[in-house]
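Step one of this worksheet: look at the structure below.
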Amino acid sequence: MQIKSQVSLAKLHYWNLKTMEFEGREIYEDQREYYRFTDSDKLVHRWVVEKGIGRKIPQGCVIHHVNHDKHDNRFENLQITTWNEHRNIHKSDKRQARIEETRKGCLVIGVVALGLIALCVVYALITSLVRKL
Ligand SMILES: [Zn+2]
C-alpha cells in the first residue's frame, strides 16, 4: 500500500498498457483510444499529418479520422479541419445515426404489423373451416 501510493496513477496505467510498434517507434493506446508515442506522448495521427504536409499543424486545427477508425492513422485517412468543421462533421454523423435508428424502428413496426395481418388471415381461414365442418 505504501509503495502503491508513491507511484503515480499515470505510471500504473502505463504498466498495464499494451505497446505496439509504429514506424520503428513504440506506441500505446491512450484512454480515449488514440495511439501515442511512448517516448514523447505525441498523438500518432497528428505526427503522421505533420510528416505528410511537411510542417506543423496550424494552431487550433483538429485532425479528423475520415473513416472514423481512430486506429487507422494512414495519411489518406486523416483530414485537417477547424474546430467548427470538425464539430459539424460529427453533428451530421449523429443526425445520420438518428435517421438510421428511425428507419430500423419503422421496419420492426412494419414486420410486426404484417405478422398480425397474417395471424388474422390464418384465424379467419381456420374459423371459416370450422364453421363448414
Ligand atoms: Zn473526427
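Which ones in the range 15-29 are modelled with pLDDT of 90 or more and in a strand (DSSP E or B)? Break it down into steps so the answer makes sense when it comes.
So the first thing to find is which residues in the range 15-29 are modelled with pLDDT of 90 or more, and the list is 20-29.
Within the range 15-29, Met20, Glu21, Phe22, Arg25, Glu26, Ile27, Tyr28, Glu29 meet the criteria.
For the range 81-105, which positions are more than 20 Å from Glu33 (Cβ to Cβ) and either assigned to a strand (DSSP E or B) or more than 12 Å from the ligand (Cβ to nearest atom) (or both)?
Within the range 81-105, Thr82, Asn84, Arg95, Gln96, Arg98, Ile99, Glu100, Glu101, Thr102, Arg103, Lys104, Gly105 qualify.
Assess whether Arg32 counts as being away from the ligand (no atom under 16 Å from the Cβ) and at pLDDT below 95. Don't jump to the end; show me each part of the working.
Values: away from the ligand (no atom under 16 Å from the Cβ): no; at pLDDT below 95: yes.
Judged against the criteria, Arg32 is not a match.
Working only within the range 46-68, note down all residues that are in contact with a helix residue (DSSP H, G or I) (Cβ under 7 Å, 6 or more places away or on another chain) and under 18 Å from Asp30 (Cα atoms).
If the condition is that a residue be in contact with a helix residue (DSSP H, G or I) (Cβ under 7 Å, 6 or more places away or on another chain) and under 18 Å from Asp30 (Cα atoms), then Val48, Val62, Ile63, His64, His65 are the ones that fit.
Quick one: His64 ticks every box in (1) away from the ligand (no atom under 15 Å from the Cβ); (2) in contact with a Leu (Cβ under 8 Å, 6 or more places away or on another chain) except a single one, so which number is it?
(1)
May I ask you to verify whether Asp72 is within 16 Å of the ligand (Cβ to nearest atom) and either hydroxyl-bearing (Ser, Thr, Tyr) or in a loop (DSSP other than H, G, I, E, B) (or both)? Before the answer, list the steps.
Working: within 16 Å of the ligand (Cβ to nearest atom): yes; either hydroxyl-bearing (Ser, Thr, Tyr) or in a loop (DSSP other than H, G, I, E, B) (or both): yes.
Spelling it out, Asp72 is indeed within 16 Å of the ligand (Cβ to nearest atom) and either hydroxyl-bearing (Ser, Thr, Tyr) or in a loop (DSSP other than H, G, I, E, B) (or both).
Among all residue pairs at least 6 apart or on different chains, which show Cβ distances below 7 Å where the first residue, located in the range 88-107, is outside the structural domain of Val66 (by TED's automatic domain parsing) and the second is more than 11 Å from the ligand (Cβ to nearest atom)?
none
Applying the selection to the range 20-41, what residues are on the phi < 0 side of the Ramachandran plot and either loosely packed, with under 11 Cβ neighbours inside 10 Å or in the same structural domain as Asn77 (by TED's automatic domain parsing) (or both)?
Result: Glu21, Gln31, Arg32, Asp39, Ser40.
The values are calculated or read from the model by the stated rules, or taken from the named source; none is laboratory data. For clarity, every value in this text was computed on a predicted model and none was experimentally measured. Positions of Cβ are generated from backbone atoms using ideal geometry, with glycine treated the same way; all protein chains shown enter the neighbour counts.
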